[in-house]
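The values are calculated or read from the model by the stated rules, or taken from the named source; none is laboratory data. Since the structure is predicted, the reported quantities are computational estimates derived from the model, not experimental observations. Cβ placement follows ideal geometry from the backbone for every residue including glycine, while neighbour counts extend to all protein chains displayed.
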DNA sequence: TTGTGGAGCCGTTGATCAAATGTCAAGATC
DNA sequence: GATCTTGACATTTGATCAACGGCTCCACAA
(Lines give C-alpha, C1' and ligand atoms only; values in the text may rest on other atoms or scores of the structure.)
Protein backbone atom coordinates (compact mmCIF):
# COMPACT_ATOMS: atom_id res chain seq x y z
CA UNK A 1 0.00 0.00 0.00
CA UNK A 2 1.30 3.38 -0.94
CA UNK A 3 0.74 6.39 1.23
CA UNK A 4 -0.61 9.41 -0.55
CA UNK A 5 2.20 11.25 -2.27
CA UNK A 6 2.70 14.31 -0.14
CA UNK A 7 3.65 17.23 -2.30
CA UNK A 8 5.05 19.92 -0.09
CA UNK A 9 4.22 23.46 -1.13
CA UNK A 10 6.86 26.15 -1.12
CA UNK A 11 5.33 27.76 1.93
CA UNK A 12 5.35 24.42 3.75
CA UNK A 13 9.07 24.17 3.16
CA UNK A 14 9.56 27.76 4.26
CA UNK A 15 7.52 27.31 7.43
CA UNK A 16 9.41 24.19 8.42
CA UNK A 17 12.80 25.70 7.66
CA UNK A 18 12.02 28.85 9.59
CA UNK A 19 10.64 26.94 12.56
CA UNK A 20 13.75 24.77 12.72
CA UNK A 21 16.01 27.77 12.39
CA UNK A 22 14.22 29.62 15.16
CA UNK A 23 14.17 26.67 17.54
CA UNK A 24 17.87 26.04 16.90
CA UNK A 25 18.56 29.73 17.35
CA UNK A 26 20.24 29.95 13.97
CA UNK A 27 17.90 32.89 13.77
CA UNK A 28 18.27 34.35 17.25
CA UNK A 29 15.53 35.96 19.35
CA UNK A 30 14.84 39.52 18.28
CA UNK A 31 16.27 39.06 14.80
CA UNK A 32 14.25 40.58 11.97
CA UNK A 33 12.93 38.27 9.26
CA UNK A 34 13.56 40.01 5.94
CA UNK A 35 11.40 38.68 3.13
CA UNK A 36 13.92 39.31 0.39
CA UNK A 37 16.84 37.82 2.24
CA UNK A 38 14.96 34.67 3.25
CA UNK A 39 13.37 34.16 -0.15
CA UNK A 40 16.81 34.24 -1.75
CA UNK A 41 18.23 31.79 0.77
CA UNK A 42 15.31 29.40 0.28
CA UNK A 43 15.28 29.80 -3.48
CA UNK A 44 11.69 30.93 -3.79
CA UNK A 45 9.82 34.17 -4.19
CA UNK A 46 8.78 36.39 -1.30
CA UNK A 47 5.18 35.32 -1.07
CA UNK A 48 5.57 31.78 0.27
CA UNK A 49 8.04 33.15 2.81
CA UNK A 50 5.57 35.80 3.77
CA UNK A 51 2.91 33.16 4.30
CA UNK A 52 5.26 31.02 6.36
CA UNK A 53 5.98 33.99 8.60
CA UNK A 54 2.27 34.58 9.08
CA UNK A 55 1.88 30.96 10.09
CA UNK A 56 4.59 31.25 12.69
CA UNK A 57 2.95 34.46 13.86
CA UNK A 58 -0.28 32.52 14.37
CA UNK A 59 1.69 30.34 16.78
CA UNK A 60 3.16 33.51 18.30
CA UNK A 61 6.71 32.47 17.60
CA UNK A 62 7.32 35.67 15.67
CA UNK A 63 5.85 39.12 16.07
CA UNK A 64 4.55 41.10 13.11
CA UNK A 65 4.40 44.87 13.05
CA UNK A 66 2.30 46.08 10.12
CA UNK A 67 4.42 47.58 7.36
CA UNK A 68 7.52 46.98 9.47
CA UNK A 69 8.00 43.28 9.11
CA UNK A 70 8.46 40.43 11.51
CA UNK A 71 10.99 39.54 14.16
CA UNK A 72 11.58 36.49 16.31
CA UNK A 73 9.98 36.78 19.72
CA UNK A 74 12.35 37.28 22.59
CA UNK A 75 12.81 34.57 25.20
CA UNK A 76 12.26 35.33 28.85
CA UNK A 77 11.78 33.59 32.14
CA UNK A 78 8.29 35.07 32.41
CA UNK A 79 7.34 33.71 28.99
CA UNK A 80 8.77 30.31 29.87
CA UNK A 81 6.81 30.21 33.08
CA UNK A 82 3.66 31.30 31.30
CA UNK A 83 4.10 28.69 28.59
CA UNK A 84 4.48 25.85 31.04
CA UNK A 85 1.57 27.04 33.13
CA UNK A 86 -0.61 26.57 30.06
CA UNK A 87 0.99 23.26 29.15
CA UNK A 88 0.59 21.86 32.67
CA UNK A 89 -3.11 22.52 32.64
CA UNK A 90 -3.97 21.70 29.07
CA UNK A 91 -1.87 18.59 28.62
CA UNK A 92 -2.95 17.12 31.93
CA UNK A 93 -6.57 17.46 30.94
CA UNK A 94 -5.78 15.72 27.68
CA UNK A 95 -3.90 12.95 29.45
CA UNK A 96 -6.70 12.49 31.95
CA UNK A 97 -9.25 12.19 29.16
CA UNK A 98 -6.97 9.94 27.15
CA UNK A 99 -6.73 7.49 30.03
CA UNK A 100 -10.44 6.77 29.87
CA UNK A 101 -10.47 5.49 26.32
CA UNK A 102 -6.89 4.53 25.60
CA UNK A 103 -6.77 1.73 23.06
CA UNK A 104 -4.07 -0.79 22.23
CA UNK A 105 -3.64 1.00 18.92
CA UNK A 106 -3.05 4.33 20.66
CA UNK A 107 -0.43 2.58 22.77
CA UNK A 108 1.24 1.08 19.73
CA UNK A 109 1.50 4.44 17.99
CA UNK A 110 2.95 6.13 21.04
CA UNK A 111 5.41 3.31 21.58
CA UNK A 112 6.51 3.51 17.95
CA UNK A 113 7.16 7.21 18.30
CA UNK A 114 9.24 6.58 21.42
CA UNK A 115 11.30 4.00 19.55
CA UNK A 116 11.79 6.42 16.64
CA UNK A 117 12.95 9.03 19.07
CA UNK A 118 15.59 6.79 20.63
CA UNK A 119 16.80 5.70 17.23
CA UNK A 120 17.10 9.30 16.08
CA UNK A 121 18.88 10.16 19.30
CA UNK A 122 21.41 7.39 18.66
CA UNK A 123 21.93 8.62 15.13
CA UNK A 124 22.42 12.15 16.42
CA UNK A 125 19.57 13.48 14.28
CA UNK A 126 18.16 16.20 16.51
CA UNK A 127 15.40 17.29 14.15
CA UNK A 128 14.09 13.75 13.77
CA UNK A 129 14.29 13.23 17.54
CA UNK A 130 12.30 16.39 18.15
CA UNK A 131 9.75 15.33 15.59
CA UNK A 132 9.33 11.88 17.14
CA UNK A 133 9.02 13.42 20.60
CA UNK A 134 6.18 15.59 19.38
CA UNK A 135 4.53 12.58 17.75
CA UNK A 136 4.72 10.67 21.04
CA UNK A 137 3.04 13.40 23.06
CA UNK A 138 0.35 14.13 20.53
CA UNK A 139 -0.39 10.44 19.97
CA UNK A 140 -1.34 10.45 23.64
CA UNK A 141 -3.34 13.65 23.47
CA UNK A 142 -5.21 12.51 20.42
CA UNK A 143 -6.38 9.47 22.30
CA UNK A 144 -8.47 11.91 24.35
CA UNK A 145 -10.47 12.60 21.18
CA UNK A 146 -10.96 16.16 22.34
CA UNK A 147 -10.08 17.90 19.10
CA UNK A 148 -10.32 21.51 20.20
CA UNK A 149 -8.37 20.87 23.35
CA UNK A 150 -5.60 19.27 21.31
CA UNK A 151 -5.53 22.20 18.91
CA UNK A 152 -5.17 24.54 21.85
CA UNK A 153 -2.09 22.69 23.05
CA UNK A 154 -0.01 23.12 19.91
CA UNK A 155 0.96 26.81 20.15
CA UNK A 156 2.23 26.55 23.72
CA UNK A 157 3.97 23.28 22.87
CA UNK A 158 5.79 24.79 19.92
CA UNK A 159 6.81 27.78 21.99
CA UNK A 160 8.23 25.58 24.73
CA UNK A 161 10.38 23.82 22.14
CA UNK A 162 12.36 27.03 21.79
CA UNK A 163 13.39 26.77 25.41
CA UNK A 164 13.68 23.01 25.63
CA UNK A 165 15.94 22.34 22.66
CA UNK A 166 18.77 24.49 23.89
CA UNK A 167 18.49 23.12 27.40
CA UNK A 168 18.52 19.49 26.24
CA UNK A 169 21.38 19.85 23.81
CA UNK A 170 24.17 19.61 26.30
CA UNK A 171 22.73 18.26 29.51
CA UNK A 172 22.57 14.51 29.69
CA UNK A 173 19.35 13.63 31.45
CA UNK A 174 17.95 11.55 28.64
CA UNK A 175 17.58 8.54 30.89
CA UNK A 176 15.18 10.41 33.17
CA UNK A 177 13.11 11.69 30.25
CA UNK A 178 12.83 8.26 28.73
CA UNK A 179 11.72 6.84 32.04
CA UNK A 180 9.04 9.51 32.42
CA UNK A 181 7.77 8.85 28.91
CA UNK A 182 7.55 5.14 29.57
CA UNK A 183 5.76 5.64 32.86
CA UNK A 184 3.16 7.94 31.29
CA UNK A 185 2.53 5.45 28.53
CA UNK A 186 2.25 2.43 30.80
CA UNK A 187 -0.11 4.27 33.15
CA UNK A 188 -2.32 5.10 30.18
CA UNK A 189 -2.33 1.51 29.01
CA UNK A 190 -3.56 0.53 32.48
CA UNK A 191 -6.20 3.31 32.21
CA UNK A 192 -4.75 4.77 35.38
CA UNK A 193 -5.45 8.45 34.73
CA UNK A 194 -4.22 9.66 38.06
CA UNK A 195 -0.84 7.99 37.72
CA UNK A 196 -0.53 9.26 34.14
CA UNK A 197 -1.25 12.80 35.29
CA UNK A 198 1.28 12.44 38.09
CA UNK A 199 4.04 11.41 35.68
CA UNK A 200 3.07 14.01 33.09
CA UNK A 201 3.25 16.68 35.73
CA UNK A 202 6.66 15.46 36.83
CA UNK A 203 7.77 15.37 33.22
CA UNK A 204 6.73 18.96 32.56
CA UNK A 205 8.02 20.21 35.87
CA UNK A 206 11.47 18.79 35.31
CA UNK A 207 11.47 20.12 31.74
CA UNK A 208 10.71 23.63 32.83
CA UNK A 209 13.38 23.50 35.54
CA UNK A 210 16.06 22.49 33.08
CA UNK A 211 14.89 25.05 30.55
CA UNK A 212 14.93 27.80 33.16
CA UNK A 213 18.43 26.88 34.30
CA UNK A 214 19.68 26.94 30.74
CA UNK A 215 17.99 30.25 29.97
CA UNK A 216 19.43 31.89 33.05
CA UNK A 217 22.91 30.65 32.27
CA UNK A 218 22.67 31.97 28.72
CA UNK A 219 21.03 35.33 29.17
CA UNK A 220 22.12 36.14 32.68
CA UNK A 221 18.54 36.99 33.56
CA UNK A 222 18.08 37.10 37.32
CA UNK A 223 17.57 33.67 38.86
CA UNK A 224 14.29 33.27 40.68
CA UNK A 225 11.84 30.62 41.64
CA UNK A 226 9.33 29.81 38.92
CA UNK A 227 5.77 29.89 40.15
CA UNK A 228 3.81 26.94 38.87
CA UNK A 229 1.14 24.70 40.35
CA UNK A 230 2.58 22.03 42.59
CA UNK A 231 2.47 18.44 41.46
CA UNK A 232 0.33 17.53 44.45
CA UNK A 233 -2.12 20.30 43.65
CA UNK A 234 -2.51 19.30 40.04
CA UNK A 235 -2.96 15.65 40.89
CA UNK A 236 -5.45 16.45 43.63
CA UNK A 237 -7.70 18.21 41.16
CA UNK A 238 -8.09 15.15 39.04
CA UNK A 239 -8.31 12.91 42.08
CA UNK A 240 -11.30 14.75 43.48
CA UNK A 241 -12.94 15.16 40.10
CA UNK A 242 -12.90 11.41 39.68
CA UNK A 243 -14.68 10.97 42.99
CA UNK A 244 -17.66 13.17 42.21
CA UNK A 245 -20.67 10.93 41.71
CA UNK A 246 -22.56 11.58 38.52
CA UNK A 247 -25.88 12.10 40.27
CA UNK A 248 -24.87 15.30 42.01
CA UNK A 249 -27.42 17.78 40.68
CA UNK A 250 -26.20 20.52 38.43
CA UNK A 251 -26.83 23.98 39.77
CA UNK B 1 -3.77 62.10 23.50
CA UNK B 2 -4.23 60.64 20.07
CA UNK B 3 -4.38 56.95 19.57
CA UNK B 4 -2.22 55.69 16.79
CA UNK B 5 -4.02 55.90 13.50
CA UNK B 6 -4.98 52.32 12.79
CA UNK B 7 -4.74 51.64 9.11
CA UNK B 8 -6.49 48.45 8.22
CA UNK B 9 -4.80 46.36 5.59
CA UNK B 10 -6.74 44.78 2.78
CA UNK B 11 -6.35 41.34 4.33
CA UNK B 12 -7.63 42.66 7.67
CA UNK B 13 -10.80 43.79 5.96
CA UNK B 14 -11.12 40.50 4.14
CA UNK B 15 -10.60 38.45 7.30
CA UNK B 16 -13.19 40.41 9.23
CA UNK B 17 -15.73 40.31 6.42
CA UNK B 18 -15.29 36.60 5.94
CA UNK B 19 -15.53 35.86 9.65
CA UNK B 20 -18.75 37.85 9.93
CA UNK B 21 -20.18 36.19 6.86
CA UNK B 22 -19.37 32.71 8.15
CA UNK B 23 -20.74 33.35 11.65
CA UNK B 24 -23.93 34.81 10.17
CA UNK B 25 -24.16 31.87 7.79
CA UNK B 26 -24.31 34.20 4.79
CA UNK B 27 -21.62 31.77 3.67
CA UNK B 28 -23.12 28.48 4.84
CA UNK B 29 -21.20 25.49 6.24
CA UNK B 30 -19.63 23.42 3.51
CA UNK B 31 -19.61 26.27 0.99
CA UNK B 32 -16.42 26.66 -1.04
CA UNK B 33 -14.52 29.92 -0.76
CA UNK B 34 -13.52 30.91 -4.28
CA UNK B 35 -10.66 33.37 -4.40
CA UNK B 36 -11.75 35.11 -7.59
CA UNK B 37 -15.38 35.43 -6.58
CA UNK B 38 -14.55 36.84 -3.13
CA UNK B 39 -11.86 39.18 -4.38
CA UNK B 40 -14.33 40.71 -6.84
CA UNK B 41 -16.98 41.13 -4.15
CA UNK B 42 -14.51 42.76 -1.79
CA UNK B 43 -12.95 44.91 -4.46
CA UNK B 44 -9.39 43.72 -3.99
CA UNK B 45 -7.06 41.25 -5.64
CA UNK B 46 -6.94 37.58 -4.78
CA UNK B 47 -3.91 37.72 -2.55
CA UNK B 48 -5.32 39.49 0.51
CA UNK B 49 -8.35 37.20 0.31
CA UNK B 50 -6.08 34.22 0.18
CA UNK B 51 -4.29 35.41 3.30
CA UNK B 52 -7.57 36.02 5.11
CA UNK B 53 -8.65 32.47 4.34
CA UNK B 54 -5.38 31.13 5.72
CA UNK B 55 -5.99 33.10 8.91
CA UNK B 56 -9.44 31.60 9.32
CA UNK B 57 -7.92 28.21 8.62
CA UNK B 58 -5.50 28.79 11.51
CA UNK B 59 -8.57 29.14 13.71
CA UNK B 60 -10.01 26.03 12.05
CA UNK B 61 -13.11 27.84 10.87
CA UNK B 62 -12.39 26.82 7.31
CA UNK B 63 -10.67 23.76 5.90
CA UNK B 64 -8.02 23.99 3.22
CA UNK B 65 -7.33 21.15 0.85
CA UNK B 66 -4.11 21.73 -1.07
CA UNK B 67 -4.73 22.69 -4.70
CA UNK B 68 -8.45 22.33 -4.08
CA UNK B 69 -9.23 25.47 -2.21
CA UNK B 70 -11.02 26.15 1.06
CA UNK B 71 -14.49 25.48 2.34
CA UNK B 72 -16.37 26.45 5.49
CA UNK B 73 -16.24 23.74 8.13
CA UNK B 74 -19.45 21.89 8.71
CA UNK B 75 -21.31 22.27 11.99
CA UNK B 76 -22.16 19.23 14.05
CA UNK B 77 -23.31 18.30 17.50
CA UNK B 78 -20.04 16.47 18.09
CA UNK B 79 -18.02 19.57 17.17
CA UNK B 80 -20.21 21.74 19.39
CA UNK B 81 -19.73 19.38 22.30
CA UNK B 82 -16.01 19.25 21.70
CA UNK B 83 -15.74 23.02 21.49
CA UNK B 84 -17.51 23.59 24.77
CA UNK B 85 -15.54 20.87 26.49
CA UNK B 86 -12.41 22.88 25.71
CA UNK B 87 -14.02 26.18 26.65
CA UNK B 88 -15.30 24.85 29.97
CA UNK B 89 -11.84 23.78 31.02
CA UNK B 90 -9.76 26.60 29.60
CA UNK B 91 -11.98 29.52 30.50
CA UNK B 92 -12.56 28.28 34.01
CA UNK B 93 -8.85 28.09 34.61
CA UNK B 94 -8.52 31.64 33.34
CA UNK B 95 -11.38 32.85 35.55
CA UNK B 96 -9.92 31.09 38.57
CA UNK B 97 -6.55 32.72 37.99
CA UNK B 98 -8.16 36.08 37.27
CA UNK B 99 -9.93 36.04 40.62
CA UNK B 100 -6.63 36.08 42.47
CA UNK B 101 -5.38 39.33 41.05
CA UNK B 102 -8.47 41.08 39.78
CA UNK B 103 -8.02 44.84 39.92
CA UNK B 104 -10.52 47.68 39.94
CA UNK B 105 -9.30 48.59 36.48
CA UNK B 106 -10.00 45.08 35.18
CA UNK B 107 -13.48 45.42 36.64
CA UNK B 108 -14.02 48.77 34.97
CA UNK B 109 -13.00 47.47 31.57
CA UNK B 110 -15.27 44.44 31.84
CA UNK B 111 -18.17 46.58 33.04
CA UNK B 112 -17.68 49.00 30.14
CA UNK B 113 -17.81 46.11 27.68
CA UNK B 114 -21.02 44.89 29.28
CA UNK B 115 -22.55 48.34 28.92
CA UNK B 116 -21.45 48.53 25.28
CA UNK B 117 -23.05 45.20 24.67
CA UNK B 118 -26.40 46.24 26.08
CA UNK B 119 -26.31 49.48 24.11
CA UNK B 120 -25.55 47.61 20.89
CA UNK B 121 -28.30 45.14 21.69
CA UNK B 122 -30.78 48.01 22.08
CA UNK B 123 -29.64 49.50 18.80
CA UNK B 124 -30.03 46.12 17.13
CA UNK B 125 -26.40 46.09 16.02
CA UNK B 126 -25.58 42.40 16.23
CA UNK B 127 -21.97 42.69 15.13
CA UNK B 128 -21.20 45.35 17.74
CA UNK B 129 -22.97 43.29 20.40
CA UNK B 130 -20.92 40.25 19.53
CA UNK B 131 -17.77 42.31 19.60
CA UNK B 132 -18.56 43.76 23.02
CA UNK B 133 -19.42 40.33 24.36
CA UNK B 134 -16.02 39.06 23.30
CA UNK B 135 -14.37 42.08 24.89
CA UNK B 136 -16.14 41.38 28.17
CA UNK B 137 -15.01 37.78 28.35
CA UNK B 138 -11.46 38.46 27.32
CA UNK B 139 -11.15 41.43 29.68
CA UNK B 140 -11.75 38.88 32.41
CA UNK B 141 -9.39 36.30 31.02
CA UNK B 142 -6.67 38.84 30.54
CA UNK B 143 -6.84 39.68 34.23
CA UNK B 144 -5.37 36.21 34.77
CA UNK B 145 -2.21 37.46 33.09
CA UNK B 146 -1.64 33.98 31.71
CA UNK B 147 -0.85 34.94 28.14
CA UNK B 148 -0.50 31.52 26.59
CA UNK B 149 -3.63 30.24 28.25
CA UNK B 150 -5.58 33.19 26.87
CA UNK B 151 -4.21 32.62 23.38
CA UNK B 152 -5.33 29.02 23.60
CA UNK B 153 -8.89 30.09 24.33
CA UNK B 154 -9.44 32.15 21.21
CA UNK B 155 -9.81 29.43 18.55
CA UNK B 156 -12.45 27.49 20.49
CA UNK B 157 -14.18 30.75 21.38
CA UNK B 158 -14.42 31.83 17.78
CA UNK B 159 -15.69 28.44 16.75
CA UNK B 160 -18.41 28.51 19.39
CA UNK B 161 -19.61 31.84 18.00
CA UNK B 162 -20.74 30.03 14.88
CA UNK B 163 -23.15 28.00 16.97
CA UNK B 164 -24.10 30.68 19.46
CA UNK B 165 -25.07 33.49 17.08
CA UNK B 166 -27.76 31.52 15.33
CA UNK B 167 -29.14 30.21 18.60
CA UNK B 168 -29.28 33.66 20.21
CA UNK B 169 -30.83 35.44 17.27
CA UNK B 170 -34.41 34.43 17.93
CA UNK B 171 -34.57 33.10 21.42
CA UNK B 172 -35.10 35.71 24.08
CA UNK B 173 -33.02 34.68 27.05
CA UNK B 174 -30.96 37.84 27.18
CA UNK B 175 -32.03 38.53 30.75
CA UNK B 176 -30.49 35.29 31.95
CA UNK B 177 -27.26 35.93 30.05
CA UNK B 178 -26.94 39.42 31.44
CA UNK B 179 -27.50 38.12 34.93
CA UNK B 180 -24.80 35.48 34.49
CA UNK B 181 -22.35 38.06 33.20
CA UNK B 182 -23.02 40.34 36.13
CA UNK B 183 -22.62 37.53 38.62
CA UNK B 184 -19.29 36.44 37.15
CA UNK B 185 -18.02 39.99 37.28
CA UNK B 186 -19.15 40.69 40.81
CA UNK B 187 -17.67 37.42 42.07
CA UNK B 188 -14.34 38.40 40.52
CA UNK B 189 -14.44 41.81 42.11
CA UNK B 190 -14.90 40.07 45.47
CA UNK B 191 -11.95 37.78 44.54
CA UNK B 192 -14.29 34.85 45.04
CA UNK B 193 -12.81 32.46 42.49
CA UNK B 194 -15.06 29.58 43.36
CA UNK B 195 -18.24 31.58 42.85
CA UNK B 196 -16.89 33.02 39.62
CA UNK B 197 -16.13 29.53 38.32
CA UNK B 198 -19.58 28.37 39.34
CA UNK B 199 -21.26 31.15 37.37
CA UNK B 200 -18.96 30.76 34.40
CA UNK B 201 -19.75 27.08 34.27
CA UNK B 202 -23.45 27.82 34.39
CA UNK B 203 -23.01 30.41 31.69
CA UNK B 204 -21.25 28.04 29.34
CA UNK B 205 -23.54 25.15 30.14
CA UNK B 206 -26.65 27.11 29.32
CA UNK B 207 -25.01 28.48 26.15
CA UNK B 208 -24.19 25.04 24.87
CA UNK B 209 -27.70 23.78 25.62
CA UNK B 210 -29.31 26.57 23.63
CA UNK B 211 -26.85 26.14 20.80
CA UNK B 212 -27.47 22.41 20.67
CA UNK B 213 -31.23 22.90 20.61
CA UNK B 214 -30.94 25.37 17.78
CA UNK B 215 -28.58 23.17 15.80
CA UNK B 216 -30.85 20.16 16.14
CA UNK B 217 -33.88 22.16 15.07
CA UNK B 218 -32.02 23.45 12.01
CA UNK B 219 -30.18 20.41 10.76
CA UNK B 220 -32.48 17.70 12.05
CA UNK B 221 -29.47 15.92 13.51
CA UNK B 222 -30.55 13.31 16.03
CA UNK B 223 -31.23 14.74 19.46
CA UNK B 224 -29.06 13.33 22.20
CA UNK B 225 -27.63 14.27 25.53
CA UNK B 226 -24.42 16.26 25.31
CA UNK B 227 -21.67 14.83 27.45
CA UNK B 228 -19.86 17.54 29.36
CA UNK B 229 -18.40 17.80 32.86
CA UNK B 230 -21.03 18.50 35.46
CA UNK B 231 -21.04 21.89 37.12
CA UNK B 232 -20.44 20.27 40.48
CA UNK B 233 -17.47 18.35 39.12
CA UNK B 234 -15.86 21.42 37.63
CA UNK B 235 -16.37 23.48 40.75
CA UNK B 236 -15.10 20.69 42.96
CA UNK B 237 -11.79 20.67 41.13
CA UNK B 238 -11.09 24.25 41.95
CA UNK B 239 -12.48 23.87 45.44
CA UNK B 240 -10.04 21.16 46.32
CA UNK B 241 -7.16 22.85 44.57
CA UNK B 242 -7.68 25.89 46.75
CA UNK B 243 -7.47 23.71 49.84
CA UNK B 244 -4.12 22.15 49.10
CA UNK B 245 -1.56 23.68 51.46
CA UNK B 246 1.51 24.99 49.74
CA UNK B 247 3.87 22.93 51.87
CA UNK B 248 2.78 19.59 50.50
CA UNK B 249 6.01 18.22 49.10
CA UNK B 250 6.28 17.84 45.37
CA UNK B 251 6.81 14.27 44.27
C1' DT C 1 -15.86 0.93 -17.18
C1' DT C 2 -11.80 3.24 -18.46
C1' DG C 3 -9.00 6.65 -20.77
C1' DT C 4 -8.62 11.38 -22.55
C1' DG C 5 -9.22 16.29 -23.20
C1' DG C 6 -10.61 20.65 -21.66
C1' DA C 7 -12.12 24.03 -18.30
C1' DG C 8 -11.55 25.91 -13.80
C1' DC C 9 -8.91 27.12 -10.02
C1' DC C 10 -5.06 27.38 -6.85
C1' DG C 11 -0.02 28.28 -5.90
C1' DT C 12 3.67 30.91 -7.31
C1' DT C 13 6.13 34.46 -9.60
C1' DG C 14 8.08 39.04 -10.80
C1' DA C 15 6.69 43.66 -11.03
C1' DT C 16 4.58 47.75 -8.97
C1' DC C 17 2.93 50.72 -5.15
C1' DA C 18 3.34 52.84 -0.84
C1' DA C 19 4.87 53.32 3.89
C1' DA C 20 8.68 53.79 7.02
C1' DT C 21 13.31 54.80 8.09
C1' DG C 22 18.00 56.68 7.49
C1' DT C 23 20.89 60.36 5.58
C1' DC C 24 22.45 64.75 5.20
C1' DA C 25 22.71 69.47 4.81
C1' DA C 26 20.83 73.98 6.14
C1' DG C 27 19.30 76.65 9.79
C1' DA C 28 18.35 77.60 14.81
C1' DT C 29 20.03 77.58 19.52
C1' DC C 30 23.23 77.85 23.15
C1' DG D 1 32.06 77.19 17.19
C1' DA D 2 29.65 73.09 18.70
C1' DT D 3 25.29 70.91 19.12
C1' DC D 4 20.62 70.10 18.18
C1' DT D 5 16.53 70.42 15.20
C1' DT D 6 14.21 70.34 10.87
C1' DG D 7 12.85 68.97 6.40
C1' DA D 8 13.70 67.06 1.84
C1' DC D 9 15.42 63.18 -0.45
C1' DA D 10 16.95 58.44 -1.23
C1' DT D 11 16.67 53.78 0.17
C1' DT D 12 14.84 49.85 2.09
C1' DT D 13 11.11 46.84 2.80
C1' DG D 14 6.54 45.17 3.16
C1' DA D 15 1.86 44.97 0.79
C1' DT D 16 -0.56 44.39 -3.32
C1' DC D 17 -1.37 43.40 -8.07
C1' DA D 18 -1.83 40.88 -12.50
C1' DA D 19 -0.33 37.00 -15.11
C1' DC D 20 1.61 32.36 -15.72
C1' DG D 21 1.92 27.39 -15.01
C1' DG D 22 0.35 23.19 -13.25
C1' DC D 23 -2.86 20.37 -10.81
C1' DT D 24 -7.66 18.56 -10.17
C1' DC D 25 -11.96 17.38 -11.57
C1' DC D 26 -15.66 16.53 -14.74
C1' DA D 27 -17.68 15.37 -19.15
C1' DC D 28 -17.51 12.61 -22.89
C1' DA D 29 -16.15 9.09 -25.91
C1' DA D 30 -14.30 4.50 -26.79
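If you go through the stretch A:59-95 and keep only what is within 16 Å of DNA strand C (Cβ to nearest atom) and facing chain B (nearest Cβ under 9 Å), you end up with A:66, A:67.
Taking the conditions (1) surrounded by 14 or more Cβ atoms within 10 Å (Cβ to Cβ); (2) away from chain B (no Cβ under 14 Å); (3) free of Cβ contacts under 8 Å to residues at least 24 places away in the same chain in turn, residue A:36 satisfies each one other than (1).
Going by the structure shown, is residue B:89 part of a helix (DSSP H, G or I), in contact with a helix residue (DSSP H, G or I) (Cβ under 9 Å, 6 or more places away or on another chain) and at pLDDT 95 or above? It is false that residue B:89 is part of a helix (DSSP H, G or I), in contact with a helix residue (DSSP H, G or I) (Cβ under 9 Å, 6 or more places away or on another chain) and at pLDDT 95 or above.
What helices (runs of 4 or more DSSP H), lying completely within the stretch B:147-223, carry at least 1 residues that are within 14 Å of chain A (Cβ to nearest Cβ), under 17 Å from the mean Cα position of the chain (by Cα) and without any contact (Cβ under 8 Å) to a residue 12 or more places away in the chain?
Working: elements: B:147-170, B:174-189, B:193-219.
Answer list for the stretch B:147-223: B:147-170.
Checking each residue of the stretch A:53-63 against the condition of being within 16 Å of DNA strand D (Cβ to nearest atom) and out of contact with any strand residue (DSSP E or B) (no Cβ under 8 Å at 6 or more places or on another chain) gives at least one match. Scan the stretch A:47-57 and give yes if some residue there is within 16 Å of DNA strand C (Cβ to nearest atom), under 25 Å from residue B:145 (Cβ atoms) and buried (at least 17 other Cβ atoms within 10 Å of the Cβ), otherwise no. Yes, that holds for at least one residue.
Return a yes/no flag: does the stretch A:13-30 have any residue that is closer than 22 Å to residue A:158 by Cα and within 12 Å of another protein chain (Cβ to nearest Cβ).
Yes, the conditions are met somewhere in the stretch A:13-30.
Okay, residues lined up against (1) over 23 Å from residue B:52 (Cβ atoms); (2) within 23 Å of the chain's Cα centre (by Cα); (3) in the same structural domain as residue A:211 (by TED's automatic domain parsing); (4) free of Cβ contacts under 8 Å to residues at least 24 places away in the same chain:
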| position | (1), (2), (3), (4) |
| --- | --- |
| A:22 | yes, yes, no, no |
| A:41 | yes, no, no, yes |
| A:44 | no, no, no, no |
| A:61 | no, yes, no, no |
| A:66 | no, no, no, yes |
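Among the residues of the stretch B:122-146, those that are surrounded by 18 or more Cβ atoms within 10 Å (Cβ to Cβ), touching a residue at least 40 places away in the same chain (Cβ under 8 Å) and away from every other protein chain (no Cβ under 14 Å) comprise B:130, B:136, B:137, B:140, B:143.
For the stretch B:109-144, a residue qualifies if it is modelled with pLDDT of 95 or more and not in a helix (DSSP H, G or I), and exactly one does: B:144. Residues in the stretch A:94-108 that are touching a residue at least 60 places away in the same chain (Cβ under 8 Å) and not in a helix (DSSP H, G or I): A:102 only.
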